[in-house]
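The block underneath contains the structure these notes are about, expressed in structure tokens.
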Amino acid sequence: MSVVVDGLCRRFQRGGPPAVGNVSFSAPDGAITTLLGPSGSGKTTVLRIVAGLEVPDAGSVCVDGRDCTRVPVRERRVGFVFQGYALFPHMSVRENVAFGLEARRVARGETRRRVDELLSLVQLGEFGDRRPSQLSGGQQQRIAFARALATEPRVLLLDEPFGALDARVRVELREWLLRLHEKTHLMTLLVTHDQDEAPEVSQHVVVMHEGRVQQAGAPQELYDRPATPFVASFLGGASALQGRVEGGRAAVAGLHLAVPAGARDGDSFRVFVRPRDVRIAPTTGPSRATNGLVERLLRIGGMARLDVRLPSGEAVAVEVSQIELERLDVHEGEQVNVDLAAAKVFLEDYEI
Amino acid sequence: MAPRSFSRRAVGESTPARLVLVGTALAFLALFVALPVAAVFVQAFDHGVAAYFAAIREPDALAAIRLTLLTAAIAVPLNTVFGVAAAWLMSRYDFPGRNLLVTLVDLPFSVSPVISGLIFILVFGAQGVLGGVLTQLGVKVVFAVPGIVLATTFVTFPFVAREVLPLMESQGSAPEEAALTLGASGWRTFFKVTLPRIRSGLLYGVVLCNARAMGEFGAVSVVSGHIRGETNTLPLHVEILYNEYHFTAAFAVASLLTLLALATLVARRLFGGAGEPP
């Protein structure tokens with residue numbers, strides 16, 4: 001099963017900005033596709049339109065080559081896992097999982113067998129008689145998965161499935177989702193704002209911002225070749241710097257970087273550089289592009305994060321390993337040599 | 001014991017202040033609640049148990065009881081269906097005029113019941129808007145049972161909607177949406193998912209609605225015409241008995257309404273005002 005979304009538009013308030021404006025992408029068969037974007041980017045609305053919980057003002061949704069834009073929710077055969085799980089609080093775990101089977105009038109014996117099978121699939125076989133409120137967040141989430149899978153959906157839709165869980169449970173559940181996917185190969189569409197989650201669980205990522213698709217592709221491709229300033233700044237939490245084109249090169253922080261084709265002298269541009277891509281060295285060593293002042297140094301686990309103020313007044317975030325930091329022997333309030341050679345350059349009018 | 005004394009010192013008042021506060025509250029309750037309730041029963045049994053039951057078994061009293069039960073039996077189910085439907089509409093959909101509708105639901109609470117009764121006279125009475133048509137059809141609304149039912153339904157319609165609406169708004173619609181994605185029909189979703197979640201609020205709304213439907217005086221008094229044995233409800237019957245100096249009988253019948261009030265309080269304890277946590 002593949003999902004192809006074409007020209008989706010949805011506006012919640014007349015005259016207001018569209019929540020979703022002309023969104024098109026295709027989610028390949030048998031893979032996990034991630035819709036990645038900050039909150040308010042319209043990704044959940046797209047997911048709800050695919051599920052049939054929301055009707056688009058324009059555009060179409062095709063599942064497996066067939067247009068199902070006007071097919072009512074209950075006939076779409078999608079499994080939807082809601083952000084807050086949306087379990088039925090007044091039913092036991094078993095009743096929750098059996099709900100969809102009963103709604104589809106599956107025979108009682110068959111229902112019992114399916115529920116047992118699903119509860120063991122999500123490793124919660126012994127919790128069948130409990131109420132959802134008696135389970136932990138991670139367990140509730142797995143029940144939500146089991147309930148969605150019970151009706152053998154053609155497509156699995158996940159809305160921020162790990163958003164409300166603590167970090168350790170989140171990592172466990174991501175791995176669990178990957179194993180589950182290996183078993184079922186169910187076409188899955190996952191919505192998240194967490195840029196670390198997208199490459200970990202999916203082969204295909206669609207980045208959204210302000211109701212539009214910014215870029216779609218394999219996670220590594222987006223990371224290496226961001227197509228828009230937004231993707232460049234969003235993935236990897238890059239710092240942004242301003243500059244101007246001089247002599248056909250982008251002059252920034254003492255460096256001259258290659259600029260996109262069509263740039264003229266005097267054009268202003270923006271540069272995005274990820275903390276891990278910045279090289280720093282002691283000022284005593286061989287000279288690099290420019291010097292900067294270490295304003296703040298924060299140690300987080302095995303990593304160190306530095307805020308470096310450049311002579312232009314702009315700040316650049318730098319991330320190095322603890323080992324690297326000790327080797328460099330850099331401290332707060334000292335000058336360091338900064339190399340931004342890995343920065344991505346975007347002309348100002350690139351911004352849509 | 002240590003934590004308890006600590007919390008007392010932290011948030012509590014000094015002993016004299018506490019005694020004054022508790023004493024005031026108790027005195028107020030005694031004066032305005034306990035004393036009147038006790039007075040009703042003392043007066044009712046003033047001439048003995050036999051006189052009490054005779055007053056209740058009197059034909060006009062029985063007719064009033066029957067009419068009150070009939071009115072409640074029509075008004076309460078109507079308002080239950082209306083209240084749930086209105087709350088569902090207002091909590092699940094955003095549409096032009098939604099706020100106006102929310103305000104209109106409260107109208108019967110903000111209008112004096114006497115005015116509510118007058119509205120029905122003006123609409124259905126002989127000189128009213130629909131009066132001519134109704135007279136031709138031979139249907140009697142005002143000064144008859146239909147008028148009483150209409151007025152009671154009008155006055156009591158906010159109770160269920162008021163109890164259910166906040167519950168539905170706070171719970172959100174995610175479980176209903178989940179039910180739909182799982183292939184459930186609209187009715188199945190309503191009975192299996194929506195209704196169980198609003199059950200406590202709904203029951204309490206129904207109990208309150210019933211108490212008011214049986215106890216309503218003002219609106220019913222205007223439309224009833226006070227025809228003994230025909231258009232007298234319990235509260236109207238109490239008034240007539242009282243005005244005719246049948247104090248024991250008046251209080252005996254009144255004690256029935258008081259018992260209803262006490263039953264309502266018990267029901268409140270059982271169902272609570274709020275729903276189960278979402």
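Results, tabulated for the structure shown:
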item: Complete set of residues in segment A:251-277 that are among the small types (Gly, Ala, Ser) and touching a Phe, Trp or Tyr at 6+ places or on another chain (Cβ under 9 Å); result: A:ALA263
item: Helices (runs of 4 or more DSSP H) wholly inside segment B:118-208 that include at least 3 residues being within 10 Å of chain A (Cβ to nearest Cβ); result: B:174-181, B:186-189
item: Lone unmet requirement of (1) over 30 Å from A:PHE25 (Cβ atoms); (2) open to solvent by 50 Å² or more (accessible area, probe 1.4 Å); (3) at the interface with another protein chain (Cβ under 8 Å from one of its Cβ atoms) for A:GLU117; result: (3)
item: Search result, residues across segment A:166-190 that are more than 19 Å from A:GLY30 (Cβ to Cβ) and buried (at least 18 other Cβ atoms within 10 Å of the Cβ); result: A:ARG170, A:LEU173
item: Every pair of residues 6+ apart whose Cβ atoms lie under 6 Å, when the first sits in segment A:90-108 and is part of a helix (DSSP H, G or I) while the second is of a type outside the set (Asp, Glu) and surrounded by fewer than 17 Cβ atoms within 10 Å (Cβ to Cβ); result: A:VAL93/A:ARG130
item: Test: residue in segment A:16-23 that is farther than 22 Å from A:ARG154 by Cα, within 14 Å of chain B (Cβ to nearest Cβ) and without any contact (Cβ under 8 Å) to a residue 12 or more places away in the chain; result: yes
item: Selected residue [within 12 Å of chain B (Cβ to nearest Cβ) and touching a Lys or Arg at 6+ places or on another chain (Cβ under 6 Å)] from A:VAL97, A:VAL106; result: A:VAL97
item: Selection within segment B:215-244 - closer than 16 Å to B:GLU58 by Cα and open to solvent by 40 Å² or more (accessible area, probe 1.4 Å); result: B:ILE227, B:ARG228, B:GLU230, B:GLU239, B:TYR242, B:GLU244
item: Residue in segment A:121-136 that is modelled with the lowest pLDDT, counting only those that are over 21 Å from A:PHE162 (Cα atoms) and either surrounded by fewer than 17 Cβ atoms within 10 Å (Cβ to Cβ) or within 14 Å of chain B (Cβ to nearest Cβ) (or both); result: A:GLY125
item: Residue within segment B:73-94 that is modelled with pLDDT under 90 and either open to solvent by 80 Å² or more (accessible area, probe 1.4 Å) or within 30 Å of B:ILE240 (Cβ to Cβ) (or both) present; result: yes
item: Any hit, segment A:55-65, residues being surrounded by fewer than 21 Cβ atoms within 10 Å (Cβ to Cβ), closer than 23 Å to A:PRO18 by Cα and within 9 Å of chain B (Cβ to nearest Cβ); result: no
item: Filter pass, A:SER321 being among the hydroxyl-bearing types (Ser, Thr, Tyr), under 20 Å from A:LEU347 (Cα atoms) and more than 23 Å from the chain's Cα centre (by Cα); result: no
item: Filtered residues of segment B:12-40 (kept if small (Gly, Ala, Ser) and within 25 Å of B:LEU257 (Cα to Cα)); result: B:ALA27, B:ALA30, B:ALA34, B:ALA38, B:ALA39
item: Any hit, segment A:36-43, residues being assigned to a loop (DSSP other than H, G, I, E, B), over 22 Å from A:LEU180 (Cα atoms) and within 14 Å of chain B (Cβ to nearest Cβ); result: no
item: Any hit, segment A:139-154, residues being surrounded by 16 or more Cβ atoms within 10 Å (Cβ to Cβ), over 28 Å from the mean Cα position of the chain (by Cα) and within 14 Å of chain B (Cβ to nearest Cβ); result: no
item: Test: residue in segment A:280-303 that is over 22 Å from A:VAL231 (Cβ atoms), surrounded by 15 or more Cβ atoms within 10 Å (Cβ to Cβ) and free of Cβ contacts under 8 Å to residues at least 24 places away in the same chain; result: yes
item: Filtered residue count, segment B:41-79, keeping only those that are touching a Cys at 6+ places or on another chain (Cβ under 7 Å) and not aliphatic (A, V, I, L, M); result: 1
item: Pairs where the first residue, in segment B:160-174, is at pLDDT 90 or above and the second is open to solvent by 40 Å² or more (accessible area, probe 1.4 Å) and among the small types (Gly, Ala, Ser), C-beta under 9 Å, 6+ apart; result: B:ALA161/B:ALA85; B:PRO166/B:ALA274; B:LEU167/B:ALA274; B:ALA174/A:GLY84
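The values are calculated or read from the model by the stated rules, or taken from the named source; none is laboratory data. Computed from a predicted structure; not experimentally measured. Note: ideal-geometry Cβ built from the backbone for every residue, glycine included; neighbour counts use all protein chains shown. The area values use the complete protein model at the heavy-atom level, side chains included, leaving out ligands, DNA and RNA. Shrake-Rupley method; radii C 1.70, N 1.55, O 1.52, S 1.80 Å.
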